[in-house]
Structure formats: structure tokens, C-alpha cells
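This report refers to the structure that appears directly beneath it.
The values are calculated or read from the model by the stated rules, or taken from the named source; none is laboratory data. Here the structure is a predicted model, which is why all the values come from computation and not from measurement. Using ideal geometry, Cβ is built from the backbone for each residue, glycine included, and neighbour counts are taken over all protein chains shown. For accessibility, only protein heavy atoms count, side chains too; no ligands or nucleic acids. Shrake-Rupley method; radii C 1.70, N 1.55, O 1.52, S 1.80 Å.
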Amino acid sequence: MTHGQAAILRFVLMCAAWAVGQTLIWPLSLGTFGIVIPAALALGVLVLTADLGRPRASGGDLKYWRGRRVDDDERRDRWN
């Protein structure tokens with residue numbers, strides 16, 4: 001997943017959390033205080049999806065291995 005795709009997915013999830021919050025407070029008629037619940041849900045989704053789209057720590061560096069580029073075409077005849 002690219003950074004752009006992760007950002008769009010996070011935005012959609014935040015909008016969905018806001019809509020759920022608005023739906024939950026609609027029958028309560030809380031007035032101006034009612035914005036706190038949807039905002040808290042959207043903020044919670046933002047915090048929970050903070051590492052979405054970032055490379056894993058256990059994956060290592062994908063460009064280099066043993067100090068050389070992985071996609072180095074000039075040395076394809078070597079095994080190591």
C-alpha cells in the first residue's frame with residue numbers, strides 16, 4: 001500500500017467514524033456538546049491507523065543488501 005492510498009483510506013475511515021458518531025448522538029439532542037463524540041471517534045481512528053502505509057520494521061531495507069543494490073544488473077553472474 002502506498003502512502004497516498006493509506007492517506008485516502010485513513011480519510012475514509014475517519015469520515016465513517018464521524019458519521020457513526022453523528023448517528024449515535026442524533027437522538028440525544030446534545031446541542032453544541034454533541035460534536036465531541038464524533039470528533040473523538042474520528043481522532044481515535046486517526047490514532048489507530050497511524051502506521052498504515054509505512055514499511056514494517058522487520059522487513060529491512062529493500063534497496064540494499066550487503067552494501068549493494070538489489071537491482072544491480074551489471075553483476076547478475078555472481079551468486080553472492
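Could you tell me which residue of segment 50-63 is farthest from residue 8 (Cα to Cα), considering only residues that are outside any loop (DSSP other than H, G, I, E, B) and either open to solvent by 80 Å² or more (accessible area, probe 1.4 Å) or modelled with pLDDT of 90 or more (or both)?
Applying the filter and picking the extreme gives 58.
Using the structure shown, decide if residue 1 is open to solvent by less than 100 Å² (accessible area, probe 1.4 Å) and either under 18 Å from the mean Cα position of the chain (by Cα) or among the polar types (S, T, N, Q) (or both).
No.
Would you confirm whether or not segment 14-24 contains a residue that is among the aromatic types (Phe, Trp, Tyr), out of contact with any strand residue (DSSP E or B) (no Cβ under 6 Å at 6 or more places or on another chain), modelled with pLDDT of 90 or more and surrounded by 11 or more Cβ atoms within 10 Å (Cβ to Cβ)?
Within segment 14-24, one or more residues are among the aromatic types (Phe, Trp, Tyr), out of contact with any strand residue (DSSP E or B) (no Cβ under 6 Å at 6 or more places or on another chain), modelled with pLDDT of 90 or more and surrounded by 11 or more Cβ atoms within 10 Å (Cβ to Cβ).
What is the residue count in segment 40-49 for residues that are in contact (Cβ under 8 Å) with a residue 12 or more places away in the chain and open to solvent by 40 Å² or more (accessible area, probe 1.4 Å)?
Of the residues in that region, 3 qualify.
Across segment 25-39, what is the total count of residues that are surrounded by 12 or more Cβ atoms within 10 Å (Cβ to Cβ) and of a type outside the set (A, V, I, L, M)?
2
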